[in-house]
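Undergrad: Supplied in C-alpha coordinates, the structure appears directly below.
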Amino acid sequence: MADLLKYRIPTEIVIEQTGVFFELNSLVEAEGFVITDFNQTRIFGFKPNEEEGTVSFSSEVPFVIDETTYLAQAADFIQEIETQKLSKAVFSRIKAIDFEGEKALDLFNKLCEAYPSAFVYFVSSELFGTWVGATPETLLEVNASNFKTMSLAGTKKAADETPWREKETLEQAYVTDFIVNELRELNIAEIAQNGPYTFTAGPVKHLRTDVSFSSTELNGLKIAQVLHPTPAVSGLPRKEALKLISSSEKHDRGFYTGCIGWVEEGKSRLFVNLRCCQIQESKAYLYLGGGFTIDSKPNEEWEETENKSKDRKSVV
(Lines give C-alpha, C1' and ligand atoms only; values in the text may rest on other atoms or scores of the structure.)
Protein backbone atom coordinates (compact mmCIF):
# COMPACT_ATOMS: atom_id res chain seq x y z
CA MET A 1 0.00 0.00 0.00
CA ALA A 2 1.20 3.49 -0.85
CA ASP A 3 1.56 6.68 1.18
CA LEU A 4 -0.97 9.50 0.78
CA LEU A 5 -0.49 13.18 -0.08
CA LYS A 6 -3.02 15.97 -0.56
CA TYR A 7 -2.24 19.67 -0.61
CA ARG A 8 -3.69 22.97 -1.77
CA ILE A 9 -1.51 25.96 -2.54
CA PRO A 10 -3.48 29.21 -2.01
CA THR A 11 -5.69 30.10 -5.03
CA GLU A 12 -4.82 26.80 -6.75
CA ILE A 13 -6.56 23.42 -7.09
CA VAL A 14 -6.17 20.50 -4.68
CA ILE A 15 -3.45 18.03 -5.65
CA GLU A 16 -4.03 14.42 -4.55
CA GLN A 17 -1.44 11.68 -5.05
CA THR A 18 -0.40 8.25 -3.82
CA GLY A 19 3.25 7.27 -3.72
CA VAL A 20 6.22 6.94 -1.39
CA PHE A 21 7.74 9.40 1.05
CA PHE A 22 11.53 9.13 1.29
CA GLU A 23 14.22 10.91 3.29
CA LEU A 24 16.56 13.50 1.81
CA ASN A 25 19.95 14.57 3.14
CA SER A 26 19.36 18.29 2.59
CA LEU A 27 16.59 20.70 1.69
CA VAL A 28 18.54 21.79 -1.40
CA GLU A 29 18.03 18.28 -2.82
CA ALA A 30 14.25 18.73 -2.84
CA GLU A 31 12.18 18.55 -6.01
CA GLY A 32 8.41 18.39 -5.95
CA PHE A 33 6.64 18.15 -2.60
CA VAL A 34 8.83 18.50 0.50
CA ILE A 35 8.23 18.49 4.25
CA THR A 36 10.79 18.86 7.04
CA ASP A 37 10.90 18.89 10.81
CA PHE A 38 11.73 21.98 12.85
CA ASN A 39 15.52 21.57 12.77
CA GLN A 40 15.68 20.17 9.22
CA THR A 41 17.13 16.96 10.64
CA ARG A 42 14.40 14.94 8.90
CA ILE A 43 13.54 16.00 5.36
CA PHE A 44 11.09 14.08 3.21
CA GLY A 45 10.44 14.16 -0.50
CA PHE A 46 7.62 12.36 -2.29
CA LYS A 47 7.62 10.10 -5.35
CA PRO A 48 4.15 9.48 -6.88
CA ASN A 49 3.01 6.06 -8.07
CA GLU A 50 -0.26 4.38 -9.08
CA GLU A 51 -0.64 2.08 -6.07
CA GLU A 52 -3.64 2.25 -3.75
CA GLY A 53 -2.98 4.52 -0.78
CA THR A 54 -3.71 3.91 2.89
CA VAL A 55 -3.83 6.06 6.02
CA SER A 56 -1.11 5.28 8.58
CA PHE A 57 -1.10 6.28 12.24
CA SER A 58 1.94 6.61 14.48
CA SER A 59 1.91 4.46 17.63
CA GLU A 60 4.09 6.97 19.51
CA VAL A 61 1.94 9.21 21.71
CA PRO A 62 3.08 12.88 21.73
CA PHE A 63 4.05 14.39 25.08
CA VAL A 64 1.26 16.60 26.48
CA ILE A 65 1.45 18.89 29.53
CA ASP A 66 -1.39 20.41 31.53
CA GLU A 67 -1.92 24.11 32.28
CA THR A 68 -0.20 24.02 35.70
CA THR A 69 2.92 22.41 34.25
CA TYR A 70 2.90 24.80 31.30
CA LEU A 71 2.73 27.86 33.55
CA ALA A 72 5.66 26.65 35.64
CA GLN A 73 7.78 25.81 32.58
CA ALA A 74 6.85 29.09 30.92
CA ALA A 75 8.00 31.03 33.99
CA ASP A 76 11.36 29.22 33.88
CA PHE A 77 11.57 29.91 30.13
CA ILE A 78 11.06 33.64 30.67
CA GLN A 79 13.70 33.63 33.41
CA GLU A 80 16.19 32.05 31.01
CA ILE A 81 15.37 34.66 28.37
CA GLU A 82 16.26 37.35 30.89
CA THR A 83 19.36 35.55 32.19
CA GLN A 84 20.71 34.87 28.71
CA LYS A 85 19.66 38.32 27.48
CA LEU A 86 17.67 36.98 24.54
CA SER A 87 15.39 39.28 22.59
CA LYS A 88 12.83 36.53 22.02
CA ALA A 89 12.35 32.76 22.12
CA VAL A 90 9.42 30.55 21.11
CA PHE A 91 7.96 28.04 23.56
CA SER A 92 5.45 25.47 22.34
CA ARG A 93 3.18 22.77 23.69
CA ILE A 94 0.86 20.01 22.45
CA LYS A 95 -2.88 19.88 23.10
CA ALA A 96 -4.77 16.57 22.77
CA ILE A 97 -8.42 16.48 21.72
CA ASP A 98 -10.77 13.61 20.91
CA PHE A 99 -10.92 12.91 17.18
CA GLU A 100 -11.81 9.98 14.92
CA GLY A 101 -8.73 9.28 12.83
CA GLU A 102 -10.81 8.00 9.94
CA LYS A 103 -12.08 11.58 9.46
CA ALA A 104 -8.62 13.04 8.78
CA LEU A 105 -9.31 13.51 5.08
CA ASP A 106 -12.59 15.24 5.93
CA LEU A 107 -10.60 17.60 8.16
CA PHE A 108 -8.36 18.47 5.21
CA ASN A 109 -11.41 19.34 3.10
CA LYS A 110 -12.89 21.50 5.87
CA LEU A 111 -9.62 23.37 6.29
CA CYS A 112 -9.52 24.06 2.54
CA GLU A 113 -12.97 25.62 2.78
CA ALA A 114 -12.28 27.56 5.98
CA TYR A 115 -8.87 28.96 4.97
CA PRO A 116 -8.72 29.78 1.24
CA SER A 117 -5.54 31.88 1.67
CA ALA A 118 -3.61 29.18 3.58
CA PHE A 119 -1.44 26.32 2.40
CA VAL A 120 -3.47 23.25 3.42
CA TYR A 121 -2.08 19.72 3.45
CA PHE A 122 -2.63 16.09 4.44
CA VAL A 123 0.29 13.64 4.58
CA SER A 124 0.25 10.02 5.73
CA SER A 125 3.04 7.47 5.80
CA GLU A 126 4.33 4.62 7.95
CA LEU A 127 7.48 6.74 8.32
CA PHE A 128 5.75 9.46 10.39
CA GLY A 129 2.02 8.80 10.70
CA THR A 130 -0.64 11.29 9.62
CA TRP A 131 -0.42 15.10 9.78
CA VAL A 132 -2.90 17.75 8.68
CA GLY A 133 -2.44 21.52 8.67
CA ALA A 134 -3.34 24.94 7.27
CA THR A 135 -0.54 27.48 7.51
CA PRO A 136 -0.73 31.19 6.64
CA GLU A 137 3.01 31.88 6.72
CA THR A 138 5.10 31.94 3.55
CA LEU A 139 8.75 31.03 4.05
CA LEU A 140 9.75 31.76 0.46
CA GLU A 141 7.95 32.21 -2.85
CA VAL A 142 10.09 31.96 -5.98
CA ASN A 143 9.04 33.14 -9.43
CA ALA A 144 12.05 33.16 -11.77
CA SER A 145 14.39 35.81 -10.28
CA ASN A 146 11.71 37.35 -8.02
CA PHE A 147 11.43 36.29 -4.36
CA LYS A 148 8.90 36.97 -1.61
CA THR A 149 8.88 36.16 2.09
CA MET A 150 7.17 37.53 5.19
CA SER A 151 7.55 38.05 8.90
CA LEU A 152 4.49 36.98 10.87
CA ALA A 153 4.58 37.53 14.63
CA GLY A 154 2.35 38.74 17.42
CA THR A 155 -1.06 37.17 18.01
CA LYS A 156 -4.42 38.18 19.45
CA LYS A 157 -8.09 37.29 18.97
CA ALA A 158 -9.56 38.35 15.65
CA ALA A 159 -12.27 40.34 17.44
CA ASP A 160 -9.77 42.25 19.60
CA GLU A 161 -9.72 45.86 18.37
CA THR A 162 -7.27 47.16 20.98
CA PRO A 163 -3.94 48.55 19.74
CA TRP A 164 -1.01 46.17 19.45
CA ARG A 165 1.12 46.17 22.58
CA GLU A 166 4.79 47.12 22.57
CA LYS A 167 5.74 43.48 23.24
CA GLU A 168 3.99 42.34 20.06
CA THR A 169 5.32 45.23 17.98
CA LEU A 170 8.88 44.49 19.10
CA GLU A 171 8.42 40.76 18.51
CA GLN A 172 7.36 41.46 14.93
CA ALA A 173 10.23 43.90 14.37
CA TYR A 174 12.77 41.29 15.55
CA VAL A 175 11.61 38.85 12.88
CA THR A 176 11.57 41.47 10.11
CA ASP A 177 15.05 42.73 11.02
CA PHE A 178 16.40 39.17 11.08
CA ILE A 179 15.07 38.43 7.58
CA VAL A 180 16.43 41.67 6.12
CA ASN A 181 19.83 41.22 7.77
CA GLU A 182 20.15 37.62 6.55
CA LEU A 183 19.29 38.70 3.01
CA ARG A 184 21.90 41.46 3.16
CA GLU A 185 24.46 38.88 4.29
CA LEU A 186 23.67 37.13 1.00
CA ASN A 187 24.61 40.38 -0.79
CA ILE A 188 21.04 41.25 -1.70
CA ALA A 189 20.94 45.05 -1.79
CA GLU A 190 17.46 45.96 -3.03
CA ILE A 191 14.95 44.74 -0.43
CA ALA A 192 11.38 46.07 -0.37
CA GLN A 193 9.20 45.99 2.75
CA ASN A 194 5.45 46.44 3.19
CA GLY A 195 4.23 46.63 6.77
CA PRO A 196 3.80 45.88 9.51
CA TYR A 197 0.05 45.56 9.13
CA THR A 198 -2.68 43.51 10.79
CA PHE A 199 -3.35 40.18 9.08
CA THR A 200 -6.42 38.17 10.11
CA ALA A 201 -6.25 34.39 9.85
CA GLY A 202 -9.35 32.66 11.19
CA PRO A 203 -10.02 33.30 14.89
CA VAL A 204 -6.71 35.13 15.43
CA LYS A 205 -4.78 37.96 13.83
CA HIS A 206 -1.09 38.73 13.54
CA LEU A 207 1.28 41.53 12.68
CA ARG A 208 2.74 40.94 9.24
CA THR A 209 5.43 42.51 7.07
CA ASP A 210 5.95 41.43 3.44
CA VAL A 211 9.52 41.35 2.13
CA SER A 212 10.42 41.09 -1.56
CA PHE A 213 13.68 41.11 -3.52
CA SER A 214 15.27 39.94 -6.77
CA SER A 215 18.32 37.85 -7.58
CA THR A 216 19.62 36.12 -10.68
CA GLU A 217 22.41 34.34 -8.83
CA LEU A 218 20.91 32.79 -5.68
CA ASN A 219 19.17 29.44 -5.43
CA GLY A 220 15.78 29.64 -3.72
CA LEU A 221 16.32 26.52 -1.63
CA LYS A 222 19.61 27.86 -0.30
CA ILE A 223 17.85 31.08 0.70
CA ALA A 224 15.14 29.04 2.43
CA GLN A 225 17.82 27.10 4.30
CA VAL A 226 19.32 30.36 5.55
CA LEU A 227 15.99 31.84 6.65
CA HIS A 228 14.54 28.74 8.32
CA PRO A 229 13.83 28.50 11.18
CA THR A 230 12.97 32.19 11.35
CA PRO A 231 12.78 33.96 14.73
CA ALA A 232 8.99 33.71 14.39
CA VAL A 233 9.32 30.02 15.32
CA SER A 234 12.70 30.00 17.11
CA GLY A 235 13.89 33.33 18.52
CA LEU A 236 16.76 35.81 18.60
CA PRO A 237 19.67 35.43 18.72
CA ARG A 238 18.65 32.34 16.77
CA LYS A 239 21.48 30.02 17.86
CA GLU A 240 20.96 30.73 21.55
CA ALA A 241 17.17 30.55 21.22
CA LEU A 242 17.40 27.13 19.56
CA LYS A 243 19.53 25.86 22.45
CA LEU A 244 16.98 27.15 24.97
CA ILE A 245 14.10 25.52 23.09
CA SER A 246 15.98 22.22 22.96
CA SER A 247 16.62 22.25 26.72
CA SER A 248 13.14 23.50 27.70
CA GLU A 249 10.60 21.74 25.51
CA LYS A 250 10.00 18.15 26.60
CA HIS A 251 8.24 17.15 23.39
CA ASP A 252 9.43 16.59 19.84
CA ARG A 253 7.99 19.28 17.56
CA GLY A 254 7.89 16.87 14.65
CA PHE A 255 6.73 18.69 11.53
CA TYR A 256 5.44 21.66 13.55
CA THR A 257 7.34 24.83 12.53
CA GLY A 258 9.16 22.87 9.85
CA CYS A 259 9.31 23.73 6.15
CA ILE A 260 6.64 22.48 3.75
CA GLY A 261 5.62 23.11 0.16
CA TRP A 262 6.37 22.60 -3.49
CA VAL A 263 9.70 22.98 -5.29
CA GLU A 264 10.43 23.16 -8.99
CA GLU A 265 12.92 24.97 -11.22
CA GLY A 266 12.21 28.70 -11.20
CA LYS A 267 8.89 28.43 -9.33
CA SER A 268 8.54 27.29 -5.74
CA ARG A 269 6.20 27.91 -2.80
CA LEU A 270 7.54 27.05 0.64
CA PHE A 271 5.71 27.66 3.91
CA VAL A 272 6.41 27.52 7.65
CA ASN A 273 4.32 24.64 8.99
CA LEU A 274 2.10 26.36 11.56
CA ARG A 275 -1.43 25.41 12.66
CA CYS A 276 -0.84 21.72 12.24
CA CYS A 277 -1.86 18.58 14.06
CA GLN A 278 -0.85 14.95 14.19
CA ILE A 279 -3.76 12.55 13.81
CA GLN A 280 -3.99 9.20 15.56
CA GLU A 281 -6.85 6.70 15.69
CA SER A 282 -8.81 8.43 18.46
CA LYS A 283 -6.95 11.71 19.08
CA ALA A 284 -5.75 14.83 17.32
CA TYR A 285 -2.61 16.42 18.77
CA LEU A 286 -2.50 20.16 18.14
CA TYR A 287 0.92 21.86 18.13
CA LEU A 288 0.77 25.36 19.59
CA GLY A 289 3.44 27.96 20.28
CA GLY A 290 4.05 31.56 21.21
CA GLY A 291 6.84 34.11 21.10
CA PHE A 292 8.21 34.94 24.56
CA THR A 293 10.13 38.03 25.66
CA ILE A 294 11.13 39.17 29.14
CA ASP A 295 7.78 40.97 29.32
CA SER A 296 5.72 37.83 28.67
CA LYS A 297 3.21 36.61 31.22
CA PRO A 298 2.76 32.81 31.45
CA ASN A 299 -1.02 32.98 31.83
CA GLU A 300 -1.32 35.27 28.79
CA GLU A 301 0.86 32.94 26.72
CA TRP A 302 -1.31 29.98 27.75
CA GLU A 303 -4.41 31.89 26.64
CA GLU A 304 -2.73 32.70 23.32
CA THR A 305 -2.12 29.02 22.62
CA GLU A 306 -5.73 28.26 23.56
CA ASN A 307 -6.89 30.89 21.06
CA LYS A 308 -4.66 29.38 18.38
CA SER A 309 -6.19 25.96 19.00
CA LYS A 310 -9.66 27.23 18.21
CA ASP A 311 -9.09 27.44 14.46
CA ARG A 312 -8.58 23.69 14.26
CA LYS A 313 -11.07 22.75 16.96
CA SER A 314 -13.75 24.74 15.16
CA VAL A 315 -13.55 22.50 12.10
CA VAL A 316 -12.74 19.16 13.78
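The values are calculated or read from the model by the stated rules, or taken from the named source; none is laboratory data. From a predicted model like this one, the values you see are computed outputs, not experimental measurements. Because the Cβ atoms are built from the backbone with ideal geometry, glycine has one as well, and the counts that use them run over all protein chains shown. Ligands, DNA and RNA are excluded from the accessible area calculation, which covers all protein heavy atoms including side chains. Shrake-Rupley method; radii C 1.70, N 1.55, O 1.52, S 1.80 Å.
Undergrad: Tell me the carbon and sulfur percent of the accessible area for the range 1-49, rounded to whole percent, probe radius 1.4 Å.
TA: Details: 1190 of 2400 Å².
Carbon and sulfur atoms account for 49 percent of the accessible area of the range 1-49.
Undergrad: Pick the calculated semi-axes √(5λ) of the Cα gyration tensor in Å for this structure from [x] 39, 23, 18; [y] 31, 25, 18; [z] 28, 25, 18?
TA: [z]
Undergrad: Let me ask something additional. With the cut-off at 12 Å, report for the range 96-139 the share of all Cα pairs above it, as a whole percent.
TA: Working: 601 of 946 pairs.
When all Cα pairs of the range 96-139 are counted, 64 percent exceed 12 Å.
Undergrad: Moving to a separate point now. About the Cα centre of the range 130-282, what is the dipole size in debye to 20, counting +1 per Lys and Arg Cβ and -1 per Asp and Glu Cβ, all else neutral? Could the numbers behind the result be given before it?
TA: Details: 17 positive and 19 negative charges, 56 e Å.
Dipole about the Cα centre, nearest 20: 260 debye.
Undergrad: In addition: Carbon and sulfur together cover what percent of the accessible area of the range 197-266 at a 1.4 Å probe radius?
TA: Numbers: 1360 of 2850 Å².
Solvent-exposed carbon and sulfur of the range 197-266 make up 48 percent of the total.
Undergrad: Hey, what D do you get for the range 122-171 in µm²/s if you plug the Kirkwood alpha-carbon radius into Stokes-Einstein at 4 °C and 1.567 mPa s? Don't skip to the answer; put the middle values down first.
TA: Numbers: Rh = 14.7 Å.
The diffusion coefficient I find is 88 µm²/s.
Undergrad: Right, something else. For the range 237-316, give the magnitude of the charge dipole about the Cα centre (Cβ charges: +1 Lys/Arg, -1 Asp/Glu; no others), in debye to the nearest 20. Don't skip to the answer; put the middle values down first.
TA: On the way: 14 positive and 13 negative charges, 34 e Å.
It comes to approximately 160 debye.
Undergrad: Could you tell me which of Val226, Ser247, Ser215 has its Cα farthest along the dipole of the range 210-256 towards the positive end, charges placed at Cβ (Lys, Arg +1; Asp, Glu -1), taken about the Cα centre?
TA: Ser247
Undergrad: Using a 1.4 angstrom probe, figure out how much accessible area the chain has per residue, in square angstrom, rounded to the nearest whole. Intermediate values should be presented prior to the final figure.
TA: Working: 14270 Å² over 316 residues.
I get 45 Å² per residue for this part.
Undergrad: Mind checking the dipole of the chain: about its Cα centre, +1 per Lys or Arg Cβ, -1 per Asp or Glu Cβ, Debye to the nearest 20?
TA: Charge dipole, the chain, about its Cα centre: 560 debye, nearest 20.
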